[in-house]
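These notes concern the structure reproduced below.
The values are calculated or read from the model by the stated rules, or taken from the named source; none is laboratory data. Everything numeric here is computed off the predicted structure, so don't read it as measured data. Cβ placement follows ideal geometry from the backbone for every residue including glycine, while neighbour counts extend to all protein chains displayed. Each accessible area value is taken on the protein alone, full model and side chains, heavy atoms only, with ligands, DNA and RNA left out. Shrake-Rupley method; radii C 1.70, N 1.55, O 1.52, S 1.80 Å.
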Amino acid sequence: MAFIELKDVTYTYPLMKEPALKNISYTFEKGKFYGIIGENAGGKTTLCNLLRGLIPHFYKGKLRGETIVNGEDIKKVNIDLLSTQIGYVFQNPFTQISGVKKSVFEEIAIGLENLGVPKQEIIDKVLNIAKLVNIEHLLQNDPNALSGGQRQRVAFASVIAMDMDAFVIDEPTSQLDPEGTAGIFEIIHMLKEQGKTVILVEHKIDLLAQYADEMLVMHKGEIIAGGPTKEVLSDISLMEKGAMLPHTVLLNHELNQKNIYLDHVPVTKDDCIRQLRTRMSS
Ligand SMILES: Nc1ncnc2c1ncn2[C@@H]1O[C@H](COP(=O)(O)OP(=O)(O)OP(=O)(O)O)[C@@H](O)[C@H]1O
């Protein structure tokens, strides 16, 4: 079932000549996990701003085409209502932290309080999420005195605490080490298992390849490839347009140069190992 439909959308920020998004058409279905990749300044964050309704409700500029959310044109959708349906984890965790709360606990609880959730339910939810995101030990700390990685976890926790239908998440692991990154991916995967729609901008392509149902590749404001993850990431030519591809796809390419061919292009490590084992034992 379609959740967000983009129909030939072109968007130009105020005072800019070049559009940041060009002729974008794509359908995001309910309950799927979408990964967005592409070169720097390719338009990924701008696409997130559109999906979350910040374009056109917050960012003005020139917008052409249609964005349909749950069957309704986004121009007519109430942005406050939308913010209770689609959670947005911003790229910069410093933007997300409210700056007005004295403890991490209060920071995570802020959205739930605004929704009028009963006090005991708020406490249970915050403790639960803090455990999931591994920030229990920070709950009494000042949110403004956290490291970048800690802020990123708190920002992420405060959004997923809201238990929305969909999440637009822009580079949630940029400040995290491999262990922290793997933890965030596990939680995102869990959200998907709960039937949530997840749209994730991320540079860590090997993890995206493992979890995402569909991938979109952006280049100069356009979606140059979009569809099932395996199909999209098998296309080695995307590297010429600045897209990072999984290491296994690069390895497969090297093997092909030496006339060694696997059954299909492996986009995950497990698939690659399986295929190599089969080949070596035959
Ligand atoms: N608020 C803004 N006002 C004017 N131009 C902007 C604004 N935000 C982004 N842009 C421009 O829009 C284009 C797309 O930027 P965007 O941040 O969406 O790309 P991105 O793919 O998310 O990049 P990155 O990977 O570096 O985060 C860039 O040319 C950028 O300079």
- Task: Over the range 104-158, consider all pairs of different Cα atoms and compute the Kirkwood hydrodynamic radius from their mean reciprocal separation; express it in Å, one decimal.
- Result: 11.1 Å
- Between the range 1-58 and the range 99-116, what's the alpha-carbon centroid distance in Å? 29 Å
- Message: Apply the a/c threshold of 1.5 to the C-alpha gyration tensor of the chain and tell me whether it is rounded, prolate or oblate.
- Response: oblate
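Which residues make up the longest stretch of the chain clear of chymotrypsin sites (Phe, Trp or Tyr not before Pro) that lie in a DSSP loop with no more than 13 other Cβ atoms within 10 Å, not counting the sites?
Details: sites that count: F58, Y261.
Maximal segment without exposed cleavage sites: 59-260.
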- Message: Given a Förster distance of 25 Å, report the FRET efficiency between N144 and D80 from their Cβ-Cβ distance, rounded to the nearest 0.05.
- Response: 0.45
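Could you work out what % of the accessible surface of the range 104-158 is carbon and sulfur, using a 1.4 angstrom probe and leaving DNA, RNA and ligands out of the count? Don't skip to the answer; put the middle values down first.
On the way: 1300 of 2690 Å².
On the range 104-158, the fraction of accessible area on carbon and sulfur atoms equals 48 percent.
Using helices alone, I'd like the mean residue ellipticity at 222 nm for the chain: each DSSP H run of four-plus residues gives -39500 (n - 2.57), total over residue count, nearest 500. Before the final figure, lay out the partial values.
Details: 12 runs with 110 residues, N = 282.
Estimated from H runs of four or more residues: -11000 deg cm²/dmol.
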- Task: Would you work out what percent of the accessible area of the range 1-66, with all protein chains in place, is carbon or sulfur (probe 1.4 Å)?
- Result: 55 percent
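What share of the DSSP beta bridges in the chain is antiparallel, in percent to the nearest 5? The partial results should precede the final answer.
Details: 21 of 39 bridges.
Here the antiparallel bridges make up roughly 55 percent for the chain.
Would you mind working out the accessible area per residue for the range 1-155, using a 1.4 Å probe, and quoting it in Å²?
On the way: 7810 Å² over 155 residues.
Per residue, the range 1-155 has an accessible area of 50 Å².
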- Expressed in angstrom and rounded, the centroid-to-centroid distance over alpha carbons for the range 122-146 and the range 170-231 is 24 Å
